[in-house]
Structure formats: C-alpha cells, structure tokens
Amino acid sequence: MALKESEAIVLRTYPLRESDLLVTLFTRQDGKVKGVAPAAKKSKRRFGGALEPLTYVKAYYVDRERQELARLDSCEVIASPMTGEVSYARSVGLAHVAELLDQLMPDREASDAVFRLSLAVIQEIRGTALWMPLTYFELWMTRLMGFLPEFGECAACGRSLGGGSRAFWHALADGLVCADDRRVASSELSRESRTVAAQMLRSRVSEFAGIEWPRELCADLRKMLIQILERHIERKLVTAGMLEKIST
C-alpha cells in the first residue's frame, strides 16, 4: 500500500472514537476521499490546525485494500482561511462552499476544473464580501455539473430570450422559458442577472473583486441556482438557509 500525496481541500471532520477524526477531503488527484486520521486530536506534528474546514493542504494518505476509508497519515497547510478575519458571514460562506462540494462531487472522481474553481472562490471570500464569490461559485458548479439552463432561448418554444425579452423559471422544471410559456408559480430571472451570469461564465472570479456587490444583486439568480442544485441532489442545503438570514 503506497503512500499517496495530493493537494486537497478539507471539507468536513467528525469525531471518531477517543482521539481519531473522520475526514472528508476534496483531493486534486482522487476527487472526494473519506478517511480516518488516527490520533488527529492529539498529534500537532502530523495535523496541527490542518484539518479546519476549507484549509488548503498537502495530504498524505493510504488507500487500504477492500476498505472504503483511507488512512490519513498527515497534512501540511498550504493556505488557511482562518488567517483572515473570521466573521459569522464569512464562516457561513465558507461552509456553503464546503457543503456544495461535499454534496455535488461523487466519491473518487477527480475534477481539476472544480478544484481550481474552489481555490479561487475561497480566496475571494473575505470579511463580509461573500455575495459575489458565492454567486460565481454556485453558477459555475451548476454549469460544471451539467445542470445550468440555456440563457439564450426558451426551453419550451425555442424563442430567443435576448434583447428585452423576459425569462422565467420554475422550481420543478428545467430551463428558462418566455412569458408565453411560463407556468403558474414561476419566478422571473431579471435581465440584469442574466447579463451578469453571461459575464461570469466568460471571466475569472478575480475580475469581479473590485465591484460593489450588495446582497440584492443577483439574488434572483442565486435563488434559481440553489433550487436547481437542491432538486438534483434531492435534499435541502443547510447553509442556503443560513445565508438567507444574513442581511449584510
């Protein structure tokens, strides 16, 4: 059993027995990996602060034959979100990224695109500046998972949704539709949000860092994306409810 080495993002940890931890990592090499970190609560030399959620680490682990859980040997911190200001809003934003990765990524399926996206977004979640990076992350995760609807045309009749056309979506249906094809209880996705989404799909998250981004900006887009993601994973996202209560 050879010792593996990979960059990784810590997603979750759970107590296991007296001093062990059950750890979920999103690794660059093997995708989402679950493993046991023996004596992690006691060993500062092998783990020392490296198992805080959303810490970017170099992980060393062993896959054990015929066992689902890997054995986590040690972790070295590359970058930690705990070095910046730890506000409640920022903590919830980081937890939201971790929950989305944990729920959306299959076990043992590597995705360099998702890994690079996650690192870039985590870096932009600073202080109370969370709505822009979270909008970007939700949008790109929905696209990379293959769930993002076509913004340019009606999913029902094929009519163009460009120019001054209005667009609507429904929590139980795929795609955007025009005003003529909208269902009862549909919600509108504003032209502003569609324009921003198109820009985000062509740009890096860092290119939006200097833009003032109040909570209200693209709130309808985030609502749509969350409902799409929740429908596909067939469960409510705990952190989505927590984000709704943040007013800043």
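The values are calculated or read from the model by the stated rules, or taken from the named source; none is laboratory data. These figures come from a predicted structure and were not determined experimentally. As a convention, Cβ positions derive from the backbone with ideal geometry for all residues, glycine included, and neighbour counts pool all protein chains shown. We work out accessible area using only protein heavy atoms, side chains counted, and drop any ligands, DNA or RNA first. Shrake-Rupley method; radii C 1.70, N 1.55, O 1.52, S 1.80 Å.
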Item to check | Helix axis angle, 88-104 relative to the chain longest principal axis, alpha carbon, degrees | outcome: 90
Checklist entry - From the Cα gyration tensor of the stretch 95-158, with a ≥ b ≥ c the square roots of its eigenvalues, which class applies: rounded if a/c is under 1.5, or else prolate if a/b is larger than b/c, or else oblate? => result oblate
Checklist entry - Considering only the other residues whose Cβ falls under 15 Å of the Cβ of Arg215, what net charge follows from Lys and Arg at +1 and Asp and Glu at -1? => result -2
Item to check | 3J(HN,Hα) from dihedral phi, the stretch 64-81, Karplus parametrisation 6.51/-1.76/1.60, rounded to Hz, x for glycine, proline | outcome: 8, 4, 6, 10, 5, 8, 7, 9, 7, 7, 6, 9, 10, 6, 9, 8, 10, x
Next on the checklist: Could you give each residue of the stretch 112-128 its phi-based ³J(HN,Hα) in whole Hz, using Karplus coefficients 6.51, -1.76, 1.60 with θ = phi - 60°, and x for Gly or Pro?
Outcome noted: 5, 5, 5, 5, 5, 4, 4, 4, 5, 6, 4, 5, 8, 7, 10, x, 9
Item to check | Low-density loop positions, chymotrypsin sites (Phe, Trp or Tyr not before Pro), the stretch 103-146 - DSSP coil, at most 15 other Cβ in 10 Å | outcome: none
Checklist entry - Residues with amide H under 5 Å of Glu7's amide H, sequence separation 5 or more or different chain, H placed in the peptide plane at 1.01 Å from N; which? => result Arg28, Gln29, Ala59
Checklist entry - Between Ala120 and Ser187, what is the label-to-label distance in nm when each label sits 7 Å out along the Cα-to-Cβ direction? => result 2.6
Checklist entry - Which FRET efficiency, nearest 0.05, do Glu244 and Glu150 yield, Cβ-Cβ r, R0 35 Å? => result 0.80
Checklist outcome for this item: Between the Cα axis of helix 219-233 and the main Cα principal axis of the chain, the angle (0 to 90°, nearest 10) is 60
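Once you have the Cα-Cα distance between Asp112 and Ala179, take 0.36 nm times their residue separation minus that, and quote the gain in nm to one decimal.
My answer for the length gained is 20.3 nm.
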Checklist entry - Using modelled amide H (1.01 Å from N, peptide plane; none on Pro or chain starts), what sits under 5 Å from the amide H of Ser74, excluding residues fewer than 5 places away? => result Tyr60
Item to check | Using alpha-carbon coordinates, inclination of helix 191-200 to the longest axis of the chain, degrees | outcome: 40
Next on the checklist: In Å², and per residue, what accessible area does the chain have when probed at 1.4 Å with the other protein chains present?
Outcome noted: 51
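Per DSSP helix of 4 or more residues, -39500 (n - 2.57); summed, then divided by the residues of the chain. What does that give at 222 nm, rounded to the nearest 500?
Details: 6 runs with 76 residues, N = 248.
Rounded to the nearest 500, it is -9500 deg cm²/dmol.
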Checklist entry - Using a simple spin-label model with points 7 Å from Cα along the Cα→Cβ vector, what separation in nm is obtained for Glu76 and Arg159? => result 6.0
Item to check | Rough spin-label spacing in nm, given labels placed 7 Å along Cα→Cβ, for Ala171 and Arg17 | outcome: 4.4
Next on the checklist: Using Cα-Cα distances under 8 Å and only pairs 6 or more residues apart, what relative contact order does the chain have, in percent?
Outcome noted: 16
